Structures are given as C-alpha cells and as structure tokens.
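Report on one structure; see the data block that follows.
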Amino acid sequence: IYNPSSYINSSTSVGGLWSDPNTWVGGNVPRAGISQVTIAAGSTVTMDLPAIVNGLTIDGTLQWGAATNALTVSGPIQVNSTGKLLAYNAGTLAIQTINCQGSFVNNGLCELFYTSLIFNGPSSASQLSGSGTFAGVGGRGFIRNVNSQNGFLNTINTTQPLTITSGMAHTAGQLNTN
C-alpha cells in the first residue's frame, strides 16, 4: 500500500551514519530516489554511502565520511539558518560530488571547497542562491567547481561573492550570475 508519509525521512536529534536505521525517526533509511530528507536541528548525519533523494532540508549538520560518496538530489536543497552542509572530511579531504537537479538555497553554512556542484536537472532550471555563508577566505566563499549541464536558464545569485577554485563548465542552456 502506498503511504507518502513513509517517504519522508527525518533524522533523530542525535544523528549518526546515513546508512544506519538508528539515525532516522522510525528506523527507516531514506529510500533511493523517492525520499524527502530532513536533517533535524542539533543532529549530525554523516554520509557513508552514495545517496539519491527527492529533496533535502538541512536544519542540523550533514557531513561526509572518509570516502567519496555522491549525493544526488532531484528536488530542492534547502540549508536553513541553523543548517550546515560540510561536504568534505577533514581527515582525508576526499572530493565530493553533489548533483543538484533543483534549486540549492543556502541560508546557513556550506563548506564546498572540496566539492563538485553539478546542476543537471532533466526538466527545469536550477538556482544557487541564499543569504547564508559559503566557507572561504576574506569574505569570499569557495566552491571547488560548478558545472551547469542542463538545457535551461540556471542562475547563481548569492549575497556573498564566490570563487570557483578548480573550474567551471557550462555545457548547455544559459547561466546568469549576480
């Protein structure tokens, strides 16, 4: 029987490994390609495997483990004011990939210096925006690289200047920046 609420996953207040059922309210690890995921305020969830979700809201902390694990989000990514997206591991500095097929709004803190951010949604434009902080130096936020690969109008419109440290590729559609 279809139950849409069973595809809404929220982390416990403690958090843990993404793959561990104890990390999630109700004991259900997010289901690939169909789950809407929320990282609860005060919670730290560590990516320890590749994941595909329909939407991601971060009120706590989402960080990566020692391995490279891609995160694909087919809907919006929303980092709220209490949220932290730390797409790296301090021990290994492994390069991470976030495939964003919707909008990415940062109103919290994002550390993307070791991250490839790929906008590759098959059916709509993507936007990188928000009033939050991208970690960097001298007031500039750093993102390792940004790729715009869909055939739509994509926009980068943040309140903080950004530096793409390793490269930017634009292979389809239009790209507007502020």
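The values are calculated or read from the model by the stated rules, or taken from the named source; none is laboratory data. Values in this document were obtained by computation on a predicted structure and should not be read as measured data. Cβ coordinates were reconstructed from backbone atoms using ideal geometry, including for glycine residues, and neighbour counts include every protein chain displayed. Ligands, DNA and RNA are stripped out before the accessible areas are found, and what is left, the full protein with its side chains, is counted by its heavy atoms. Shrake-Rupley method; radii C 1.70, N 1.55, O 1.52, S 1.80 Å.
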Some residue of region 100-113 being open to solvent by 10 Å² or more (accessible area, probe 1.4 Å), among the aliphatic types (A, V, I, L, M) and not in a strand (DSSP E or B): no
Selected residue (criterion: least open to solvent (accessible area, probe 1.4 Å)) from residues of region 122-140 that are part of a strand (DSSP E or B) and over 20 Å from Gly102 (Cβ atoms): Gly136
Complete set of residues in region 23-60 that are open to solvent by 60 Å² or more (accessible area, probe 1.4 Å) and within 19 Å of Pro76 (Cα to Cα): Arg31, Ala32, Ile34, Gln36, Ala41, Pro50, Ile52
Search result, residues across region 140-162 that are modelled with pLDDT under 90 and over 18 Å from the mean Cα position of the chain (by Cα): Gly151, Phe152, Leu153
Strands (runs of 3 or more DSSP E) completely within region 7-82 that count 1 or more residues being within 20 Å of Ser103 (Cα to Cα): 8-10, 36-39, 51-53, 55-58, 61-64, 71-73, 77-79
